[in-house]
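Notes for the one structure printed next.
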Amino acid sequence: MAHPQSRPASPGASFRSGRRPKGLLIAAMALAMGLAAAAFAVQQGIAHRPMRDVLDMPVPAGEFNKRSPASSVARQGDRLVAVGPRGLIVLSTDGGSHWAQMSSPVQSDLVSVRFSDASTVWAVGHDAVALRSTDGGANWQRVLDGRSLLKLLRGHYPAQGGPEGADKTREEVERWASQSATPDVLPTPFLDVSFADANDGFLVGAFGLVLHTVDGGKTWVPWIEHTDNPRRLHLYAVGGHGAQRYIAGEQGLLLRLDAARSHFALVKTPYEGTFFGVDVRPGRVLAYGLSGNAYVSNDEGAQWRKLATGTDASLVAAVPASGEGLLLVSDAGHVLSVSPDGSRAVPLQIPYTSEVLGAATTASGQLVLALVNGLRVLDITPAR
């Protein structure tokens, strides 16, 4: 593991070289948080605790340590919610001027946070944890974890019968379970969550994990075999606009929802590296990821062109800018203003902070960065 003071890896760094870790626990610890966050967890002792202990120990509300690592941040109106290692959940109701730590049901590392409507927030992460708040991030309930997910998967892929492709998936689930350090707990991390409306949503994660809900998360249906992902590549992001839904993953994997078939179909791209995110607007799809690579399509993936980003740092977030524009943010702290049609990217003058894991914009147009050493709100110099 890298020394905490060395340049840490970005989300998913353990898979960027194309080497897949042998142990599921190694993958779960390295995925999406970066080595600096993992080092922090080890220093605090959390990495050596039994997983059941992590799932059964809540985090009390209290004063927020402004140097605590944060992995993701999301906004709705003036409310900002950020998450991070050891079940960290923090809330700001004034656009990031003040933050307070909220109580969390678990001490698992949280990776991604998103609003699904004005008051509902989802946070997902390691140990197959999915948390939901229905009051804008103040109070949280556990919806899924490694225990309930394993029961769900075993029920959906029984020893005999089940959906088409169930035999292969059942074998994979049992293999994942056998590698867990804690019996009857599946540690496979969820890496992203996205809802098209209050009811219709998807969870995605490592080893091709996909779940679908049509009732706002009350029930979930495994969609592992509903994807053109036979190698079970890791799925880092899910997002969309209206009826268009996309999943982005490693080795250039990009999938588009075919609602009529209830299937995520492969979209061919000219890139073979990892995609960490996808941003979908009317008439434009932007997929971005490793080493500053970003590709734009204006015809739903039939043709692609490479966006000149001018950086070899990995792109980890895409957030709305003023008007119809977009900001691309790299793990090294570069911020690019992208035109609405995705034809050009202009670098903005942003002071260096530290390793960036996530980003959002405030209602007033400031940039909020989730960093390995806390949260920071910055003014943005408009592109000329």
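Quick note: the coordinates plus some simple rules give every number you see, no bench work behind them. Note that the coordinates shown come from a computational prediction; the quantities given were computed from them, not determined experimentally. Here the Cβ is made from the backbone with ideal geometry for all residues, glycine too, and neighbour counts use every protein chain on show.
Computed from point charges on the beta carbon alone (+1 for Lys and Arg, -1 for Asp and Glu), the dipole magnitude for region 19-378 about its Cα centre is near 440 Debye.
With equal scatterers on the alpha carbons only and no solvent term, can you work out the Debye log10 of I(q)/I(0) for the chain at 0.13, 0.14 1/Å? Debye output, listed in q order: -1.02, -1.21. Each label point was placed 7 Å from the Cα along the Cα-to-Cβ direction; for Glu164 and Glu324 their separation is 3.9 nm.
In terms of its C-alpha gyration tensor, region 66-137 comes out oblate, because a/c is 1.5 or above while a/b does not outweigh b/c. Neighbours of Ala128 by Cβ distance under 9 Å: Lys/Arg scored +1, Asp/Glu scored -1, total -1. Say the dipole of the chain comes from +1 at the beta carbon of Lys and Arg and -1 at that of Asp and Glu; which of Leu254, Trp223, Val356 then lies farthest toward its positive end? In the chain, that residue is Val356. If R0 is taken as 25 Å, the Cβ-Cβ distance between Asp56 and Ala181 corresponds to a FRET efficiency of 0.95.
Of the residues Gly273, Gly365, Gly136, which exhibits the maximal mean-square fluctuation in a Gaussian network model of the chain defined by a 10 Å Cα contact cut-off? In the Gaussian network model the winner is Gly365.
In plain terms, the residue of Val54, Val296, Val59, Val204 with the fewest other Cβ atoms within 10 Å comes first and the most crowded comes last, giving Val59, Val296, Val54, Val204. Placing a label point 7 Å from the Cα of Glu171 along the Cα-to-Cβ direction, the residues of region 199-221 whose backbone N falls under 19 Å of that point are 207-209. Ranking of Asp331, Asp109, Asp117 by neighbouring Cβ atoms within 10 Å, starting from the fewest: Asp117, Asp331, Asp109. Any chance you could run the full-extension gain for Gln366 through Ala265? It's 0.36 nm times the residue separation minus the Cα-Cα distance, nm to one decimal. Extra length from Gln366 to Ala265 when fully extended: 32.7 nm.
The fewest-to-most ranking of Ser119, Ser178, Ser330 by surrounding Cβ atoms within 10 Å reads Ser178, Ser119, Ser330.
Comparing Ala345, Ala248, Ala259 in a Gaussian network model of the chain where C-alpha atoms under 10 Å apart are linked, the largest mean-square fluctuation is found at Ala259.
State whether region 83-209 is rounded, prolate or oblate according to the following rule on the C-alpha gyration tensor (a ≥ b ≥ c being the square roots of its eigenvalues): a/c under 1.5 gives rounded; otherwise a/b larger than b/c gives prolate, and the remaining case gives oblate. Note, shape of region 83-209 comes out prolate. Taken as Cα centroids, region 61-97 and region 254-289 sit 29 Å apart, rounded to the nearest whole angstrom.
Lysine pairs in the chain whose alpha-carbon atoms fall under 22 angstrom of each other, counting only those eight or more residues apart or on distinct chains, come to 4. The local environment of Ser262, defined by Cβ-Cβ distances under 14 Å, has a net charge of -2 under the rule Lys, Arg +1 and Asp, Glu -1.
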